[in-house]
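A.B. asks: First the structure, which I've put down as structure tokens, then a few questions once you've had a look.
The values are calculated or read from the model by the stated rules, or taken from the named source; none is laboratory data. Keep in mind that what you see is a predicted model, and the values were worked out from it rather than measured. Neighbour counts run over all protein chains shown; Cβ positions are idealised from the backbone, glycine included.
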Amino acid sequence: MSLRITWHGHATWAVETDRHTIIIDPFFDQNPAATLKAAAVKADFLLVSHGHSDHIADAAAIANWCGATVVSNYEITSWLAKEHGVKKTVGGNLGGGVDLPFGRVKLTLAHHSSSLPDGSNGGNPCGFLLTIGDKKLYFACDTGLFFDMKLIGAVGLDLAVVPIGDLFTMGPDDALEAVKLLAPKKAVPSHFNTWPPIAQDGAAWAARVKQETGYDAMALKPGEGLEV
Ligand code: NI
Ligand code: MN
């Protein structure tokens, strides 16, 4: 099976299989780095890592016009259903996984916060481990560095997407340590260059990862993708 991963800027990613499109943290219309508007997005599944507006922003709108299923923690899926009329949701919690038509989604630990835009409790933030065919993709989403990434990497990752922006998440140095723990076939940076406080040089980080860890790494530009 071929898998295509596209970065839409900030922490917004698309994973396309032969039959399904999965969008992680849909943030398009207010995302200064996005090359697409939410109205142009077609998705079957939306994965929302936590309640902050730079991750949940366009989830309800896209879900409601595409009929997409939202996968997130239970607090967030309940809020989307109650406050925004989202019809199809799968709410889980950390450590739990669910088998969906495209593959398996597991909600992994993330050290962050998760208040919703209206101040509601957004539960615990998470990352996502996707198993699609024989491929394993890990999206760390918003988090600081944690040693249990070693356990996540132990499954054998084809791709690890890690934040490097600093301030709100890991910065470049901790993200490099994360790659050592995750031991992926390829590492790709996320959550940077959206706004000046999280400006980073993604290509320089990828070069450092290759040199200092021996794992492959590559920085994309918004709108660019890669095959996994
Ligand atoms: Ni956040
Ligand atoms: Mn964020």
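A.B. asks: Looking at the stretch 177-201 only, could you name the residues that are without any contact (Cβ under 8 Å) to a residue 60 or more places away in the chain, touching a strand residue (DSSP E or B) at 6+ places or on another chain (Cβ under 9 Å) and under 23 Å from Lys150 (Cα atoms)?
C.D. replies: Ala178, Val179, Leu182, Ala183, Pro184, Lys185, Lys186, Ala187, Pro189
A.B. asks: Right, next: Just checking, does the stretch 207-214 include any residue being under 18 Å from the mean Cα position of the chain (by Cα) and either of a type in the set (A, V, I, L, M, F, W, C) or within 21 Å of Thr17 (Cβ to Cβ) (or both)?
C.D. replies: no
A.B. asks: Does Thr213 fit the bill of being under 21 Å from Ala34 (Cα atoms) and β-branched (Val, Ile, Thr)?
C.D. replies: Numbers: under 21 Å from Ala34 (Cα atoms): no; β-branched (Val, Ile, Thr): yes.
The answer is no for Thr213.
A.B. asks: Out of the residues in the stretch 22-72 that are in a helix (DSSP H, G or I), buried (at least 22 other Cβ atoms within 10 Å of the Cβ) and of a type outside the set (Val, Ile, Thr), which is nearest to ligand 1 (Cβ to nearest atom)?
C.D. replies: Only one residue fits best here, namely His55.
A.B. asks: In this structure, is Lys180 touching a Ser or Thr at 6+ places or on another chain (Cβ under 6 Å), surrounded by fewer than 24 Cβ atoms within 10 Å (Cβ to Cβ), within 15 Å of Thr213 (Cα to Cα) and not β-branched (Val, Ile, Thr)?
C.D. replies: Yes.
A.B. asks: Something else now. Taking Phe146 and the conditions (1) buried (at least 23 other Cβ atoms within 10 Å of the Cβ); (2) farther than 22 Å from Gln211 by Cβ; (3) among the hydrophobic types (A, V, I, L, M, F, W, C), which numbered condition does it fall short on, given that it satisfies the others?
C.D. replies: The single condition Phe146 does not satisfy is (1).
A.B. asks: Only one of Ala34, Ala38, Ala68 is at pLDDT 95 or above, within 16 Å of ligand 2 (Cβ to nearest atom) and touching a Phe, Trp or Tyr at 6+ places or on another chain (Cβ under 7 Å). Can you tell me which?
C.D. replies: Answer to the selection: Ala34.
A.B. asks: Right, here's the next one. Can we say Leu94 is closer than 26 Å to Leu159 by Cβ, at pLDDT 95 or above and assigned to a strand (DSSP E or B)?
C.D. replies: On the way: closer than 26 Å to Leu159 by Cβ: yes; at pLDDT 95 or above: yes; assigned to a strand (DSSP E or B): no.
When the stated conditions are applied, Leu94 does not pass them.
A.B. asks: Among Leu107, Leu129, Leu80, which is within 16 Å of ligand 1 (Cβ to nearest atom), surrounded by 18 or more Cβ atoms within 10 Å (Cβ to Cβ) and modelled with pLDDT of 95 or more?
C.D. replies: Leu107
A.B. asks: With respect to the numbered conditions (1) acidic (Asp, Glu); (2) in a strand (DSSP E or B); (3) within 14 Å of ligand 2 (Cβ to nearest atom), which one is the sole condition not fulfilled by Asp99?
C.D. replies: (3)
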